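Here is the structure we will look at, set down as structure tokens.
The values are calculated or read from the model by the stated rules, or taken from the named source; none is laboratory data. Keep in mind that this is a model prediction, so the values were computed, not measured. Quick reminder, even Gly has a Cβ in these numbers, built from the backbone with ideal geometry, and neighbours come from all protein chains shown. To get the accessible areas, we keep the full protein, side chains included, count just its heavy atoms, and leave off ligands, DNA and RNA. Shrake-Rupley method; radii C 1.70, N 1.55, O 1.52, S 1.80 Å.
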Amino acid sequence: MYCLLLLILLFCSKAKSQDNVFTINKVSLQAFPQNEIHNGVPFILNCSVDISKNEHFRLNYTFSFFKDGELLFTNTVEQDSAQYTISKARFSSSGQYECSLSVEEKKKFSDPLTVKVEGIMKPELSVLKTEVMEGENVLLRCEMPDEKPPLIFTFYKTKQSANGVVQERKRISKLENFVELEFPIDAGDSILNFECAVEMNLVTGSQASGRSNRTIVTVSEPFSVPKITIDSPQNITEGDKICITCSTVLLRQDQTEIILQKNKTILNSTKGRETLTYCKIVKLEDNGNYICTVEHGSVSKTSGEELVVTELFSKPMLVVNKTKWDENSIVRIQCQVNGPMPISLSLIKDNKILINSSIYTAQLRVSDSGIYMCRAEINNISKESDPVFLHIYAPVSLPVLSQPFSQVGVLDKFFVLQCYSKFGTLPITYSLYRGNIYIRKIVTEQNVPANFTVKATSIQESGQYRCHANNGHSISQQSKRINVTIIAPVVNITFKREPEENIEDGNGLVFFCSVASGSFPIEFHFFKENDGKSLHQVIEKKKQVVSWAKESFTSQDEGSYFCRADNQAKSFVESQKILVKVVMASWKKGLIITTILLIFLAAIITIIWLNCRSKANAKNISTELAVSKRATNSVDGKRITGQNNEGEFYYGSGYNEDGEKNHISAKEDNRGSDLEVPEVEYTEVQVSVPDPYRAPVTNNETVYTEIRKTINDAGENRHSDREESTKMWP
């Protein structure tokens, strides 16, 4: 009963729900007070719906608000409108808004509404410390309250000076509405002003804020600017001793470093001290600018002083006529210097004193080659001249020009000429000439031949080559001339034969081998495929074609043939292969055919002769059987016995001595006079002949029975009587 009531209620409710019909006509979105407002003003978004129903019933409305496609707020109410309130509009509130309505399974969106907020609030700047030292960093924080990223922050650093130098740095924040930045404090900064500003870029446009509040930071020095002094007489001359002092005032005794340098060369340094001193006896090369640098962390301060030194005596100069000398030559080396006397002069070779004098004269040997210079000294002040390298050369021996690999040159290929002088001071310069035309040179630092690699580009380059060898010696040597022949390799080989058709066994064949070009003499070889041995060889000095006549070919000579050509270039070429087939000679073919025909003719004649003989024998036997039949047949078919000429018994009427009937068929054609020649068959039969005078003894003798067959006329009965006759053969 209860189940029935429940089913009725469910059916009624379902029927009722099916009767509730509605449709969403429109969803509207509005902004109050308007869609273009100023920064900081509140505004309200109102979403309303226009809906049609078939009757009055309640619905639950789910409103959702979106900004630039992102969900902001969702609310479910029974009213046909909903609101979304922003208490303070910011520039980041600008964008495209829309709302949607969902009722049961139906959903609809409003048209997009663009909201623009004018103006950006100034950012707020804060500083962690307002008093810092040079080389430290200032931690700055710039914040944009109530705005949403992304934000572009710009920090400004301004010096409180006449020129007001401004430094700026930019940072982008994609997740937060603030940025923290460490701004370095440079040397020389004293009072600094810091500010920041913000820039925002949205779909609706871009705007920049004004600068934030200004924050003042005071900077103190960790050390003073260094001071450099030179303790020396008024006029500084070579040989005087000077002391250079570099000093500073340190705020803290820490790892502050003082460095003294000249032309990027560090002369002296110290750490944790306020004074640095450097002393030395000066020379002319000590002239220049000296710089004192004080460093700590990223702070560096410098000062400089110029040092002027008067020359005591000039730099000595080594005087020699030339630097390349022949062996056994007389050389005179002199040292010259300007200055007060006395001056001590020395000649130095390879850092060893050669002589304490201003003049040196000697006969040179190869071992005298080396670095020479002069040294002048006064009051422990010494100066050296610029070094001079003297080369002493032994003359080169007569060079030998040779071809180590081949006596000829191949067109378009390289060939090697070797030039070598066994004696002579290195390095030796070898120069190659063809006639009077210079080709190239090679300088050898070791006692090895010079290998000239020459490319033969033309036949006209054939001729006499020579090489020239020289070093620093005044006498050079020239080799003897050698002749180099440039040859052209053989190209485009052709191979032919005459005749071109297959040849008969025993006949001859002529092969022709030719090349398009190539220097003489040309060597031709004829080969058979798979046979490495040359069959015929010809060396031709005038013509580019040769022939080879092979007089008699046999079946063993059948195969592929080719030729090969080469000359002194040793770059042979091979022709294409020609297949030679050997067929049987015509006279052999005729002999074989004639023999076959004769055998066949003899066979036919033999068959005809045998056939004729067989027919004649058959006719004689038929006649004899006919006569024997008329003599032996009886009317009542009784057994007839007789005796032949030798006294032996024979049996007629188709019976043998055992009483068995020999079936010999003989048919007569209408009993006429014409008898067909019967076919004769011989059958060997064992018969027993009784002796009338003795008791019966078994004796087997051979009896030949001749059977003659005749065919009756077509009108007679097929089953004709058969007549048999047996003839005893002696």
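To the nearest 20 debye, what is the magnitude of the charge dipole of the stretch 165-324 about its Cα centre, counting +1 on the Cβ of each Lys and Arg and -1 on the Cβ of each Asp and Glu?
Details: 19 positive and 21 negative charges, 123 e Å.
Roughly 600 debye, rounded to the nearest 20.
Using alpha carbon centroids, what distance separates the stretch 131-177 and the stretch 245-302, in Å?
Using only Cα atoms, the two centres lie 36 Å from each other.
Could you give the nm distance between label points at R440 and N263, where each point is 7 Å from its Cα heading toward the beta carbon?
That separation, rounded to one decimal, is 4.4 nm.
If S298, S161 are ordered by their accessible area, calculated over protein heavy atoms with a 1.4 Å probe, which sequence runs from highest to lowest? The partial results should precede the final answer.
Values: S298 95, S161 60 Å².
Result, largest first: S298, S161.
Where does the charge balance sit around L354 when Lys and Arg score +1, Asp and Glu -1, over other residues with C-beta under 12 Å from its C-beta?
Values: positive: K349, K352, R375; negative: D350, D368.
Neighbourhood net charge equals +1.
Using alpha-carbon positions, what is the distance between the centroids of the stretch 28-81 and the stretch 207-228, in Å?
53
Would you pull out the residues with amide H under 5 Å of G424's amide H, same chain only if 5 or more places away, H placed 1.01 Å from N?
Answer set, sorted by chain and number: S397.
I want to check the label-to-label distance for E305 and S555. Put each point 7 Å from Cα in the C-beta direction and report it in nm to one decimal.
12.1
Rounded to the nearest 5, what is the percent of antiparallel bridges among the DSSP beta bridges in the stretch 124-220?
90
Quote the FRET efficiency, to the nearest 0.05, computed for H536 versus V416 with a Förster distance R0 of 25 Å and r equal to the Cβ-Cβ distance. Don't jump to the answer; show the numbers that get you there.
Numbers: r = 35 Å, r/R0 = 1.41.
For H536 and V416, the calculated efficiency is 0.10.
Projecting each Cα onto the charge dipole of the stretch 325-390 (Lys/Arg +1, Asp/Glu -1 at the beta carbon, about the Cα centre), which of S385, A362, P340 comes out farthest on the positive side?
Ranked along the dipole, the leading option is P340.
Work out how much length E55 to H38 would gain on full extension: take 0.36 nm times their residue separation and subtract the Cα-Cα distance, in nm to one decimal.
Working: separation 17, 0.36 × 17 = 6.12 nm, distance 4.52 nm.
Full extension from E55 to H38 adds 1.6 nm.
Within 10 Å of each candidate Cβ there may be at most 12 other Cβ atoms; applying that plus a DSSP loop requirement, which GluC sites (Glu not before Pro) in the stretch 490-544 survive?
On the way: sites: E500, E501, E504, E523, E529, E540; in loops: E500, E501, E529.
In loop regions of the stretch 490-544 (DSSP not H, G, I, E or B), the sparsely surrounded GluC sites (Glu not before Pro) are E500, E501, E529.
Using 7 Å Cα-to-Cβ label points, what is the M584/S397 separation (nm, one decimal)?
The answer from the label model is 8.0 nm.
Name the residue farthest towards the positive end of the dipole of the stretch 124-220 from the options Q207, L181, Q160, assuming +1 on Cβ of Lys and Arg, -1 on Cβ of Asp and Glu, about the Cα centre.
Checking the options against the dipole of the stretch 124-220, the answer is Q207.
Just read off the accessible area of R171 with the full protein assembly in place, 1.4 Å probe, to the nearest 10 Å².
Only protein atoms counted, so the area is about 100 Å².
Determine which residues of the stretch 32-52 fall in the zone a paramagnetic label at D111 would reach in this model, i.e. backbone nitrogen under 13 Å from the point 7 Å along Cα→Cβ.
Backbone N within reach: none found.
Quote to one decimal, in nm, the extra length available between N201 and E78 on full extension: 0.36 nm per residue of separation minus the C-alpha distance between them.
40.3 nm
Going 7 Å from the Cα of E377 along its beta-carbon direction, which residues of the stretch 327-345 have the amide nitrogen within less than 11 Å of the resulting point?
Under cut-off, by backbone N: 344-345.
Per-residue HN-Hα couplings for the stretch 600-617, Karplus 6.51 cos²θ - 1.76 cosθ + 1.60 at θ = phi - 60°, whole Hz, x for Gly and Pro?
Rounded to whole hertz, the list is 5, 5, 5, 5, 5, 4, 4, 5, 5, 5, 5, 5, 5, 4, 5, 5, 5, 4.
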